[in-house]
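Below is one structure, written out as structure tokens; comments come after it.
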Amino acid sequence: MIRQFPAHIAVLVAIAASTTPAQAEGRINVAFADAPIGALPPGFAAERTGGGAPADWKIVADNTIAGGHVLAQTGSDRTGAVISAEPITDADDPTDANAENAAMGKAIMSLEAATEKAVNENPASKSVSVATELRDGQAVAAVRLLRPEELHNRHGASDLRTARKTFGGPEAKIARSLAIPAVFLALMTLLPAAAPAVEPGPLVLESTIPLPKVGGRIDHMAIDRARQRLIVAALGNDTVEVVDLGSGKLRQHIGGLKEPQGVAYAEKADVLFVASAGDGSVRIFSAGDLKPLGRIDLKKDADNIRIDKRNNTIVVGYGDGALAIIDPMTLNVIGTIALKGHPEGFQIEPNTGRAFVNVPDAKQIAVVDLDARRQIATWKVRDARSNFPMALDPGIGVLAAVFRSPARLVLLDTKTGSVVANLATCGDADDVFFDAKRERIYVSCGAGEITVFQREGGTYRSLASVPTASGARTSLFVPELDRLFVAVRAGMLGSDASIQIFRPTP
């Protein structure tokens, strides 16, 4: 049954919020390059419309548009694109639809959040479809999930049949629906009858700040504590966004950039540094009014930025393998250090001037003497590749490096480079932080979660997995504010990019 959803749900599941009934009768093209059948976006289901292999499939989105119409959208498994859309002017059962609308109006969880929760509770599964149902008067999200071992067999549909009707017309022909034996149902209650008291987890989502009109991937962030501003490198948007934490609103932005990746605020000089991958530049701006002050050309792939607090110099990773040291007062490059590959995450030891640098192309962690301007040691972790994020706790002499293949948090002794712990973590990690106050580690991942580790004795254990959003892999923990900021990119179904703000507890 195609159901009529209330308007506030429609915006979560695509196109229709901006489509009028008249427009709906025409052709609408929507690419699903990243969402083949078996891994469709939340809000979409699939029905097989022909036999054999490969088969044609019908991609259906339950959307409400102006005037209460519902859209059925069709597409092809071969192209992954929606190729047409047509309005349906009534639901199969208006009484049920009205009751469902009333229940959804009281829901405390969106369909999108319910889908993410179902996937997070069933590791490595893929969402096939999601729809609302009424169960004992409560709105429930019925999320179909595909087990990973059956991803290759997603065309093995059985012949379950459903009938569709259109208002004022004959019954539509019977269509075969997707019903893979390996598909299982996760029922997520959107409005619990009685929610029991739950102890807060190690991270509580305190608020969310929308970033309207910010599209594409979001990279790293920095904090201007004096002005209570969060600086966000919106790589896919070619901008840097400035968020006012006091008002919880996006206030300013810097345009004209080319894939900004790293940002740093130099408090003493009161300037903002922005490193861009697209043109290899490091742009300098006055922190107060964001007026440009200068530019340094590193030629290629300027990336992460760190501040050496011993002398307030700026260190930037760039190119095929180098660190540049910049004087923030003169805006000159005063030294470079060669590496064996492009540097990703790196950290500077505050008392010694050593820098620990992830160099995934060379499958190593480089130990660099910033004063001597050279690499002095090479650390390698067996059977681990793609080391991107890094954090340092100088108080206990532990370095945290997160590898993506396989997904592991590796802790190393900063004196010897020996591995002191090797723990499973979430996938597609891009940031990691120590919370020295609580003796924890936070790893943020594109898989849509933060893995929290707790120190016990001389090692750490996995404490919790906190859901965020798919693709939300960059974050910033600010101990002085006692908050973890997570960057959520705009959804392919039209949801705004945002900053999720988590409060650690207790």
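The values are calculated or read from the model by the stated rules, or taken from the named source; none is laboratory data. Everything numeric in this text was worked out from a predicted model, so none of it was measured. Neighbour counts run over all protein chains shown; Cβ positions are idealised from the backbone, glycine included. Note: accessible area is taken over every heavy atom of the protein model, side chains too, but ligands, DNA and RNA are not part of it. Shrake-Rupley method; radii C 1.70, N 1.55, O 1.52, S 1.80 Å.
Of 258/363; 117/340; 213/300; 249/340; 309/363; 309/340, which sit over 30 Å apart, Cα to Cα? Intermediate results must be reported in sequence, preceding the final value.
Working: 258/363 28 Å; 117/340 41 Å; 213/300 28 Å; 249/340 42 Å; 309/363 28 Å; 309/340 25 Å.
Flagged as over cut-off: 117/340; 249/340.
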Practice task
Report the Stokes-Einstein translational diffusion coefficient (µm² s⁻¹, integer) for the range 315-364, Rh taken as the Kirkwood radius over Cα pairs, at 20 °C with viscosity 1.002 mPa s.
Solution key: 188 µm²/s
Exercise for the section: Starting with the highest mean, order 209-217, 495-503 by the number of other Cβ atoms within 10 Å, averaged over the residues of each peptide. Expected result: 495-503, 209-217
Completion exercise
Carbon plus sulfur, as percent of the 1.4 Å-probe accessible area of the range 378-428, comes to 47 percent
Completion exercise
For the range 283-342, dividing by residue count, accessible area per residue (probe 1.4 Å) in Å² works out to 46 Å²
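If we sort 395-405, 331-341 on the protection proxy, mean other Cβ atoms within 10 Å, highest first, what's the order? If you can, show how the numbers build up before the last one.
Values: 395-405: 19.6, 331-341: 16.3.
In decreasing order of mean packing, 395-405, 331-341 become 395-405, 331-341.
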Completion exercise
In Å, the Kirkwood hydrodynamic radius from C-alpha pairs for the range 241-356 sits at 14.5 Å
Problem - For q = 0.11, 0.14, 0.22, 0.28 Å⁻¹, Debye-computed log10 I/I(0) when each Cα of the range 396-473 counts as one equal scatterer - result: -0.25, -0.40, -0.96, -1.40
